[in-house]
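Step one of this worksheet: look at the structure below.
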Amino acid sequence: MFRTAPRQLSAVVAMLLLALTVALSFLTWQVNDNSEESLLRRQLAQVGSLLSNQAAVLQVQLSDMGLVAVATDADPDAFARFADTQLADTGQSLSLWRITDDGPERVAVQGSNRCSRATRRRRSGS
């Protein structure tokens, strides 16, 4: 009687531990999945907020630049002074364009001129 009872008890305990391990593994997987989904939703909300804020800032800056261009009759020197204050240590560039009957004409560029260098390289094929 002692030989079969401990074996059966061991088997029952092993099965209970296996069932407990499976249940806890499933719960852990569910919690991890919910946490990842929640984190993703928060990060997407942050990206949306960042883009909305940057769009508003860009709209204000473009409006200011338009006012400077109109108020100075597209004076390149006034544009350069305004652009210097806007571009302090940003690595960006601003350009002033005049639309004529012949097409657009760039009047002034201030700041980093990376875009035009990259465009020149593409046109030259290097």
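Do we find that PHE26 is assigned by TED's automatic domain parsing to the domain that holds LEU96 and either within 27 Å of the chain's Cα centre (by Cα) or not small (Gly, Ala, Ser) (or both) in this structure?
In short, no.
Do you know which residues across the range 64-88 are within 24 Å of the chain's Cα centre (by Cα) and loosely packed, with under 10 Cβ neighbours inside 10 Å?
ALA88
Take the residues in the range 96-112 that are among the small types (Gly, Ala, Ser) and assigned to a strand (DSSP E or B); name whichever of them is farthest from ASP64 (Cα to Cα).
Restricting to residues being among the small types (Gly, Ala, Ser) and assigned to a strand (DSSP E or B), the top hit is GLY103.
Mind telling me which of the residues ASP77, ASP89, ASP84 ends up being at pLDDT below 80, part of a helix (DSSP H, G or I) and out of contact with any Leu (no Cβ under 7 Å at 6 or more places or on another chain)?
ASP84
Would you confirm, using the coordinates I've provided, whether ASP64 is in the same structural domain as ARG106 (by TED's automatic domain parsing) and not hydroxyl-bearing (Ser, Thr, Tyr)?
No: the conditions fail for ASP64.
The values are calculated or read from the model by the stated rules, or taken from the named source; none is laboratory data. None of these values were measured; they are calculated from a predicted model. Every residue, glycine as well, gets a Cβ built from its backbone with ideal geometry; the counts of neighbours run over all protein chains shown.
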